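Written below as structure tokens is the structure these notes are about.
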Amino acid sequence: MNSTSIHVAIPGMSLGYALVGEQVVLVDAGASSTQSAQDLLKKAGISPHSVSLIVLTHGHTDHLALLPQLQMLTNAPIMCHKKTAQCLAKGWGEEVVPRTPLFQILSRLTGSQKLKEPISPHILVETPQDLRSFGVNAHVWPTPGHTPGSLSIITENKEALVGDLLMKFPLQRHARASMISHDVSLLQKSLGELQSQDLKSLYLSHGGKILAHELDQAMIEIQSH
Ligand SMILES: [Zn+2]
């Protein structure tokens, strides 16, 4: 199988990515956008027919805005953790649990996790999944901590898409462990598991691509709290 590369498919404050191999797997569906899913895929050079799967790293609404459009356009199944799916099917995103006072304020500003319509994902995961049958050389791993249903995707090139497990905002010198966490010890455990994968680079939904040493830095920081 050809090697699998990672590209931004949905730009903006919450990035959506494309894993491109023999087929395309989209990861996350971005925050609200003035552009249609069709225009965004066209700009990214992705044919809707080449999309075999849409994976959700978790169920916060700033990762779901274009999901109904993307699903209609590509007709690809939606994969997410079973715990994420349970929320989405009831018409809600996953709960936002801030771990610092600043993020308590910010998360109030970001508003409700209520969806316009319930979403029924097609493939529910609880254990690692091989994505080769979807045309990309990568695996999905449960990495809870940001939310109970958080997933990461690791390619055979040792690159990882980690959703919001780590975040890097403008003016920050390095990425930090997520300030939103339902369970900080689980967040630490998941970050430790990523560390043990000997990754080359990581792709964050908020902050783009970082190198592995920033994960080490974030681990030192979270362990000292
Ligand atoms: Zn999130």
Practice problem: Answer yes if at least one residue in region 95-108 is modelled with pLDDT of 95 or more, within 16 Å of the ligand (Cβ to nearest atom), assigned to a helix (DSSP H, G or I) and surrounded by fewer than 24 Cβ atoms within 10 Å (Cβ to Cβ), and no otherwise. | Solution: no
Quiz item: Pairs under 8 Å by beta carbon, first residue free of Cβ contacts under 8 Å to residues at least 60 places away in the same chain in region 176-195, partner acidic (Asp, Glu) and more than 14 Å from the ligand (Cβ to nearest atom), six or more apart or different chains?
Solution: Arg176/Glu221; Ala177/Glu221; Gln195/Asp216
Exercise. Scan region 117-141 for residues that are within 21 Å of Ala89 (Cα to Cα) and touching a helix residue (DSSP H, G or I) at 6+ places or on another chain (Cβ under 8 Å) and jot them down.
Key: Glu117, Pro118, Ile119, Ser120, Pro121, Leu124, Val125, Glu126
Quiz item: Out of the residues in region 85-94 that are within 13 Å of the ligand (Cβ to nearest atom) and assigned to a loop (DSSP other than H, G, I, E, B), which is farthest from Leu64 (Cα to Cα)?
Solution: Glu94
Self-check item: Of all residues in region 140-198 being more than 14 Å from the ligand (Cβ to nearest atom) and within 12 Å of the chain's Cα centre (by Cα), the one that is farthest from Ser5 (Cα to Cα)
Solution: Pro142
Quiz prompt | Selection count where residues are out of contact with any strand residue (DSSP E or B) (no Cβ under 7 Å at 6 or more places or on another chain) and either among the aromatic types (Phe, Trp, Tyr) or surrounded by 15 or more Cβ atoms within 10 Å (Cβ to Cβ) (or both), scope region 193-215 | solution = 2
Quiz item: Just checking, how many residues over region 17-50 are farther than 21 Å from Cys80 by Cα and touching a residue at least 40 places away in the same chain (Cβ under 8 Å)?
Solution: 1
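Can you confirm whether region 17-34 contains a residue that is in a loop (DSSP other than H, G, I, E, B) and either of a type in the set (Val, Ile, Thr) or exposed (fewer than 14 other Cβ atoms within 10 Å of the Cβ) (or both)?
Among the residues of region 17-34, at least one is in a loop (DSSP other than H, G, I, E, B) and either of a type in the set (Val, Ile, Thr) or exposed (fewer than 14 other Cβ atoms within 10 Å of the Cβ) (or both), which makes the answer yes.
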Quiz item: Consider Leu131 against the criteria (1) more than 16 Å from the ligand (Cβ to nearest atom); (2) in contact (Cβ under 8 Å) with a residue 40 or more places away in the chain; (3) over 18 Å from the mean Cα position of the chain (by Cα): it satisfies all of them except one. Which criterion is unmet?
Solution: (3)
Exercise. Being out of contact with any Asp or Glu (no Cβ under 8 Å at 6 or more places or on another chain) and away from the ligand (no atom under 16 Å from the Cβ) is the filter here, so list the residues in region 71-84 that pass it.
Key: Gln71, Met72, Leu73, Thr74, Asn75, Ala76, Pro77, Ile78, Met79
Self-check item: Enumeration of residues in region 47-70 that are away from the ligand (no atom under 16 Å from the Cβ) and assigned to a loop (DSSP other than H, G, I, E, B)
Solution: Ser47
Practice problem: Write out, first by first residue and then by second, each pair whose Cβ atoms fall under 9 Å of each other, whose residues are 6+ apart or on separate chains, and whose first residue, in region 88-102, is hydroxyl-bearing (Ser, Thr, Tyr) while the second is in a loop (DSSP other than H, G, I, E, B). | Solution: Thr100/Met179
Quiz item: Looking at region 115-170, which of its residues are part of a loop (DSSP other than H, G, I, E, B), in contact with a Ser or Thr (Cβ under 9 Å, 6 or more places away or on another chain) and small (Gly, Ala, Ser)?
Solution: Gly135, Gly145, Gly149, Ser150, Gly163
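The values are calculated or read from the model by the stated rules, or taken from the named source; none is laboratory data. Treat the numbers as computed from the prediction; the structure is a model and nothing was measured. Here Cβ is always computed from backbone atoms with ideal geometry, including for glycine, and neighbour counts include all displayed protein chains.
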